[in-house]
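S.K.: Encoded as structure tokens, here's the structure I'll be asking about.
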Amino acid sequence: MRKRADELKEKVRTQLGTCEDIVGTMNLVDAIQHLGIEHLFKQEIDNTLRDIRTSEFTSSSLHEVALWFRLLREHGLWVSPDVFGKFKFDGDDARLSSVIADHDTRGLLSLYNAAHLLVHGEPELEEAISIARHRLKSMTRDCDLNPVLANQVNRALNIALPRTCKRLETSLFISEYEQEEGYSEILLELAKLDFNIVQNVHLMELKSISEWWRDLYTYVGLNYARDRAVEGYLWSCLVFYEKDLSFTRTFVAKMILLVTLMDDTFDSHATIQECRQLNSAIQRWDESAVTLLPEYLKKFYRELLRNFKVLQDQVTDNDKYRVTYTRKEFQKLSTYYLQEAEPSFGDQITLTAMSSVIPLLCVSGTVGMGYVTMETFEWVASRTTAIVASAKIGRFMNDIAAMKRGKNKGDVASSVECYMNEHKVTMEVAIDKIDSLVEDEWRTLNQAHFEDHKLFPVVEQVVNLTASMASFYDERKDAYTFPTLLQDTIESLFVNPVPK
């Protein structure tokens, strides 16, 4: 399989290098990304899109213009939304051409996806999203769309393409691609081979993680904590799915599972006094601090220190400082868990960004990443506006899911409850407000694409991490707490290979 995949990779590189037509090149790059094999051609795609950005491009096709806009913005290359001006008329309300809106489903879908890369102060893209969503919903009800396009429209209406988890979207798109007009047999075969090769790597890692977790979970004896080895690995795998990121993927999965033990202790089991004791011990980070703890937490504390020591010993000297920073983020997270109580809505928003696991995962996600320079690491470790935005998105989605499912007795007040109490409004009104805040934070995250192109690889990592959270909290669910909701996802990614 690997030998055949290597042969196909060279053929695709030749296609990328010899394609002179801009539209054809864009379609090729889009297919490569959508099929999940972008990681095989990162440098070639980067060079290709830079060439496209500096080339003259004009088109009367809404699909082609939207594709051009989306590809460039996704890769941190700024383009103005003015390119969509030609598709608006209808007088003062600047509505889309009725011809396009009524018949160009592909164009509207492309516009809808592209417009979700908007930043603050782009009302024309907000309007494009609103109009396209309305028209696309009508089309799914009233038009005879082909099944593949209908599926893609429905997925986008649920989560726009730039916000989807790439690995999940790939698992769905591979079966659809051969029904696309002008599909490439070479790309399709390579995508199937690569998916199955990577899946085998994931399965071996999942076995190892499961064994590690079974031993740890049994030994520490915290039976109240969620037993989520597969789900923790899945989360890491959704962000770092590429074959050569094995160590990073495993490292992040272990962080997620260790945090789960700490989170469930603080959130639903320990008394206030025991929470203070646990936090004090974690801040000291020394074997002698075990004497501060109640008996039932001593094994967990010792295993926490031991596992960090093992991970520290496994990385290169150049990466040891990143493990140290990961430990510091773990300590910060412990402090923020202790601070969570019932503040005002404004205070809760601030605490939300601090007590999210996202900053810890962003830092731990740099371990094993050779391309992360000291400059880019400092950006990740400094809790920039993009990372805070990602943290807020994750916490808001989690809070909404918790309200919808019914909170556990003793859980701290969520952002939804704080808004309800402070503004004397219903849960539905509060959730609408939190949804609008999620959209606002996505604009902040999109803006980070264009701050400094040297930072783009780690910005992309933060975006992927943010997108992965929809797998657990989309549609107001909490699939990490209720993992049966993830059964189809787990089977498609770890159990069922793509048919050849």
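S.K.: Only one residue in Arg395, Arg383 is touching a Ser or Thr at 6+ places or on another chain (Cβ under 7 Å), open to solvent by 30 Å² or more (accessible area, probe 1.4 Å) and at pLDDT 85 or above, so which one is that?
M.R.: Working: Arg383 fails: touching a Ser or Thr at 6+ places or on another chain (Cβ under 7 Å).
Result: Arg395 is the single residue among Arg395, Arg383 that is touching a Ser or Thr at 6+ places or on another chain (Cβ under 7 Å), open to solvent by 30 Å² or more (accessible area, probe 1.4 Å) and at pLDDT 85 or above.
S.K.: Go through segment 478-499 and give me each residue that's open to solvent by 20 Å² or more (accessible area, probe 1.4 Å), of a type outside the set (Gly, Ala, Ser), outside any loop (DSSP other than H, G, I, E, B) and more than 27 Å from Arg395 (Cβ to Cβ).
M.R.: Residues satisfying the conditions are Glu491, Val495.
S.K.: Identify all residues within segment 273-288 that are of a type in the set (A, V, I, L, M, F, W, C) and within 20 Å of Lys309 (Cβ to Cβ); write none if there are none. Show your work before the answer.
M.R.: Looking only at segment 273-288, we keep the residues that are of a type in the set (A, V, I, L, M, F, W, C), and these are 275, 278, 281-282, 285.
Those that are of a type in the set (A, V, I, L, M, F, W, C) and within 20 Å of Lys309 (Cβ to Cβ): Leu278, Ala281, Ile282, Trp285.
S.K.: How do the pairs read when you match residues in segment 238-251 that are of a type in the set (S, T, N, Q) with residues anywhere that are modelled with pLDDT of 95 or more and in a helix (DSSP H, G or I), using Cβ under 7 Å and keeping only pairs 6 or more apart or on different chains?
M.R.: Here the result reads Ser246/Val201; Ser246/Glu205; Thr250/Glu205; Thr250/Ile209, each pair linking segment 238-251 to a residue that is modelled with pLDDT of 95 or more and in a helix (DSSP H, G or I).
S.K.: Based on what the data block shows, is Val462 assigned to a helix (DSSP H, G or I), modelled with pLDDT of 90 or more, open to solvent by 10 Å² or more (accessible area, probe 1.4 Å) and within 28 Å of Ala225 (Cα to Cα)? If you could, list the steps in order and put the result at the bottom.
M.R.: Working: assigned to a helix (DSSP H, G or I): yes; modelled with pLDDT of 90 or more: yes; open to solvent by 10 Å² or more (accessible area, probe 1.4 Å): no; within 28 Å of Ala225 (Cα to Cα): yes.
The answer is no for Val462.
S.K.: Hey, another quick one. Sort through Thr291, Thr260 and tell me the only one that's open to solvent by less than 40 Å² (accessible area, probe 1.4 Å) and in the same structural domain as Ser356 (by the TED database). Give the steps one after another, and end with the answer.
M.R.: Working: Thr291 fails: open to solvent by less than 40 Å² (accessible area, probe 1.4 Å).
Sole residue among the options that is open to solvent by less than 40 Å² (accessible area, probe 1.4 Å) and in the same structural domain as Ser356 (by the TED database): Thr260.
S.K.: Can I ask one more? Output the residues belonging to segment 17-43 that are over 25 Å from Gln199 (Cβ atoms) and of a type outside the set (Val, Ile, Thr). Please lay out each step first, then the result.
M.R.: Going residue by residue through segment 17-43, those that are over 25 Å from Gln199 (Cβ atoms) are 17-27.
Once the filter is applied, which keeps residues that are over 25 Å from Gln199 (Cβ atoms) and of a type outside the set (Val, Ile, Thr), segment 17-43 yields Gly17, Cys19, Glu20, Asp21, Gly24, Met26, Asn27.
S.K.: Against the condition farther than 26 Å from Ser236 by Cα, of a type in the set (Gly, Ala, Ser) and open to solvent by 20 Å² or more (accessible area, probe 1.4 Å), how does Ser130 come out, does it pass? Working first, answer last.
M.R.: Numbers: farther than 26 Å from Ser236 by Cα: yes; of a type in the set (Gly, Ala, Ser): yes; open to solvent by 20 Å² or more (accessible area, probe 1.4 Å): yes.
Yes; evaluated as a whole, the condition is true for this residue.
S.K.: Further, regarding this structure: Does any residue of segment 432-445 turn out to be surrounded by fewer than 17 Cβ atoms within 10 Å (Cβ to Cβ), at positive phi and either at pLDDT 85 or above or not aromatic (Phe, Trp, Tyr) (or both)?
M.R.: Checked against the condition, which is being surrounded by fewer than 17 Cβ atoms within 10 Å (Cβ to Cβ), at positive phi and either at pLDDT 85 or above or not aromatic (Phe, Trp, Tyr) (or both), segment 432-445 yields no hits at all.
S.K.: What is the residue count in segment 236-257 for residues that are open to solvent by 10 Å² or more (accessible area, probe 1.4 Å) and among the polar types (S, T, N, Q)?
M.R.: Result for segment 236-257: 2.
S.K.: Let me ask you something else. List pairs: first residue in segment 1-15 and closer than 10 Å to Ile186 by Cα, second residue not in a helix (DSSP H, G or I) anywhere in the structure, Cβ distance under 7 angstrom, at least six positions apart or on different chains.
M.R.: Pairs found: Val12/Phe41.
The values are calculated or read from the model by the stated rules, or taken from the named source; none is laboratory data. Predicted model, so just to flag it, every value in this text is computed and none were measured. Reconstructed Cβ throughout: ideal geometry from the backbone, glycine too, with neighbour counts over all protein chains shown. Calculation scope for accessible area: heavy atoms of the full protein, side chains included, ligands and nucleic acids excluded. Shrake-Rupley method; radii C 1.70, N 1.55, O 1.52, S 1.80 Å.
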